[in-house]
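Notes for the one structure printed next.
The values are calculated or read from the model by the stated rules, or taken from the named source; none is laboratory data. Quantities reported herein were computed from a predicted structural model and do not represent experimental measurements. Positions of Cβ are generated from backbone atoms using ideal geometry, with glycine treated the same way; all protein chains shown enter the neighbour counts.
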Amino acid sequence: MEPILILILVGLTSLCSYLFGLKRLMWSSRHVAAALNKMLECIGMTLIFFALNLLTAVSVVLAVREIAGVFVSVYTIGDPAWLALSFLQGLIFQWWRELSSERQSQGSQTAGH
Amino acid sequence: MKGMQVCRLIGLGGVVLFLASAFTPVAHLLDIWLNAPAELAPSDAIVVLGQGVSRGVLSGDSATRASHGIALYQRGLAPLLVFSGGTSDAGPTEAAARAEFARARGVPQHAILIETKARTTREEAQREKALLQPKGVRTILLVTDSLHLLRARPLFEQAGFEVRSAPSDTFFDPDTPEERLGLMRGVLGEIVALLYYRMAGFI
């Protein structure tokens, strides 16, 4: 499939879902920007976990080579599974942060009353 | 909140990098920019670096490198053909499998040398030095992927060889997002490996 066609089709389904949310579900268009920000936060968190995982993996590989004298290839860190798992970690961490800050703000409101 | 802003910026960088890698020729341009041109000239030996073998079966890239080395030998560019590569399983080593491949394509046994113990590019340079310099080999045609030459070439120069690049792959302009992302992954991986070698003081 032509790359431009992929972009057009994804743009089309995005537009349809935007109109569906706006007209059918009565969601506010003002929240789209906030949703984009949250998406960027999740991806940012994923990339932070990805960097952490790769740094840890390289350190472990070098330590195993040095301490145990066993050769482990650094190329194992090139596996795409690292990125997928980092995405799951980033998503969970982000949701945990959000839920915890919601609870904390609810708690402080209750204490204020 | 400042932490979340940093997170958003990193996320934005990731999205831009993804879109640029998948839907523009940026990976191809980086590949061209980083690659060393081939310097094919008569030399003392052709050194083919290891890539991978599984139960005696050469990986695609390993076979490509070996074929390129054999082609250079058959063009008369050097009297010696050196294959590198061990194994991580019970099968034959990569170097032995490549030597068999070369013999089947008409390269005489006396022209083939193998090195099977090295596990990294740095070890390959050190072991090839021990293998070849007592035989008076000074100039080599170094056969590996063009991106890998970025790291391999200075290592072999440090080992005392005069190195001529002989990249085994050819430029291709990927036209699907999957191919472009694969190429970008290779380019970024090699840049990280190069930085690691520099930081560790290997090159």
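Condition check ((1) assigned to a helix (DSSP H, G or I); (2) under 28 Å from the mean Cα position of the chain (by Cα); (3) more than 13 Å from chain A (Cβ to nearest Cβ)) across all residues:
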{"position": "B:Gln5", "(1), (2), (3)": "yes, no, no"}
{"position": "B:Leu12", "(1), (2), (3)": "yes, no, no"}
{"position": "B:Val16", "(1), (2), (3)": "yes, no, no"}
{"position": "B:Leu29", "(1), (2), (3)": "yes, yes, yes"}
{"position": "B:Ser43", "(1), (2), (3)": "no, yes, yes"}
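Put simply, of B:Arg119, B:Arg138 the only residue that is farther than 30 Å from B:Val26 by Cα, in contact with a strand residue (DSSP E or B) (Cβ under 9 Å, 6 or more places away or on another chain) and surrounded by fewer than 20 Cβ atoms within 10 Å (Cβ to Cβ) is B:Arg138.
Considering B:Arg151, B:Arg122, B:Arg55, the condition of being on the phi > 0 side of the Ramachandran plot and among the basic types (Lys, Arg) is satisfied by B:Arg55 alone. Residues in the stretch B:145-203 that are farther than 21 Å from B:Ala41 by Cβ, exposed (fewer than 15 other Cβ atoms within 10 Å of the Cβ) and of a type in the set (Asp, Glu): B:Asp173, B:Asp175, B:Glu178. Hey, could you check the stretch A:25-62 for residues that are among the β-branched types (Val, Ile, Thr) and more than 30 Å from B:Arg119 (Cβ to Cβ) and say which is modelled with the lowest pLDDT? Restricting to residues being among the β-branched types (Val, Ile, Thr) and more than 30 Å from B:Arg119 (Cβ to Cβ), the top hit is A:Val32. The set of residues in the stretch B:112-149 being touching an Asp or Glu at 6+ places or on another chain (Cβ under 7 Å) and within 20 Å of B:Leu34 (Cβ to Cβ) consists of B:Asp145, B:Ser146, B:Leu147, B:His148. Are any of the residues in the stretch A:26-35 crowded, with 16+ Cβ neighbours inside 10 Å and not hydroxyl-bearing (Ser, Thr, Tyr)? Among the residues of the stretch A:26-35, not one is crowded, with 16+ Cβ neighbours inside 10 Å and not hydroxyl-bearing (Ser, Thr, Tyr), which makes the answer no. Is there a residue in the stretch A:63-70 that is part of a helix (DSSP H, G or I), acidic (Asp, Glu) and surrounded by 15 or more Cβ atoms within 10 Å (Cβ to Cβ)? So far as the stretch A:63-70 goes, no, none of its residues is part of a helix (DSSP H, G or I), acidic (Asp, Glu) and surrounded by 15 or more Cβ atoms within 10 Å (Cβ to Cβ).
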